[in-house]
Amino acid sequence: MTASDINQAEQASRLRASLMAAIAVILVLSAFLGFSDEASGATRTWVRHAGWATMILLWLVILATGGWLRLRKSVRNVLNDEVALANRSRALQAGFWVAAIGGLALYCASFQWDLSLRQGLRVLLDLTIATALLRYARLEMR
């Protein structure tokens, strides 16, 4: 491990935290738009839904791995040190609690409002992943 590896890992860590915070904001906006599940400008609605599902899968992989798989192994080892792993664990815990409480809230809301399964799952996944991303970004920026 060289000084350049450490500097590159430090820059990647700051960029990763900023990127996760920005994507979390996009996911929160997506959650609010998820309540109106009307057709978008896409020629086929399946294109829009497939794009959303691909984005969700991508961010789940990044949360699970820490991202930056294209960096050299020595830089990734510095980037994903014990503190980063602990921060990611705490972020995933926060996401779990939002999923559990959000699922319960959507269940209760369904008695008052007519929510489709697709609407509820989209909002729940967006908010859950956004919470985990924001928590991780906040912990990494400290």
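Side notes on the structure shown:
- Residue tally, condition open to solvent by less than 90 Å² (accessible area, probe 1.4 Å) and either assigned to a helix (DSSP H, G or I) or under 16 Å from Asn7 (Cβ atoms) (or both), over the stretch 59-79: 14
- Test for Gln119: is it of a type outside the set (Lys, Arg), part of a helix (DSSP H, G or I) and open to solvent by 60 Å² or more (accessible area, probe 1.4 Å): no
- Against the conditions (1) more than 22 Å from Ala22 (Cβ to Cβ); (2) surrounded by 15 or more Cβ atoms within 10 Å (Cβ to Cβ); (3) modelled with pLDDT of 90 or more, Tyr107 satisfies every one except (2).
- Selection count, the stretch 84-118, where residues are over 19 Å from the mean Cα position of the chain (by Cα) and among the aliphatic types (A, V, I, L, M): 6
- Under the condition of being touching a Leu at 6+ places or on another chain (Cβ under 7 Å) and without any contact (Cβ under 8 Å) to a residue 12 or more places away in the chain, the residues counted in the stretch 81-114 number 1.
- Condition met for Arg122 (at pLDDT 95 or above, among the charged types (D, E, K, R) and in contact with a helix residue (DSSP H, G or I) (Cβ under 8 Å, 6 or more places away or on another chain)): no
The values are calculated or read from the model by the stated rules, or taken from the named source; none is laboratory data. What you see is a predicted model, and the numbers here were worked out from it, not measured in a lab. For neighbour counting, all protein chains shown are included, and Cβ atoms are generated from backbone atoms with ideal geometry for every residue, glycine included. The area values use the complete protein model at the heavy-atom level, side chains included, leaving out ligands, DNA and RNA. Shrake-Rupley method; radii C 1.70, N 1.55, O 1.52, S 1.80 Å.
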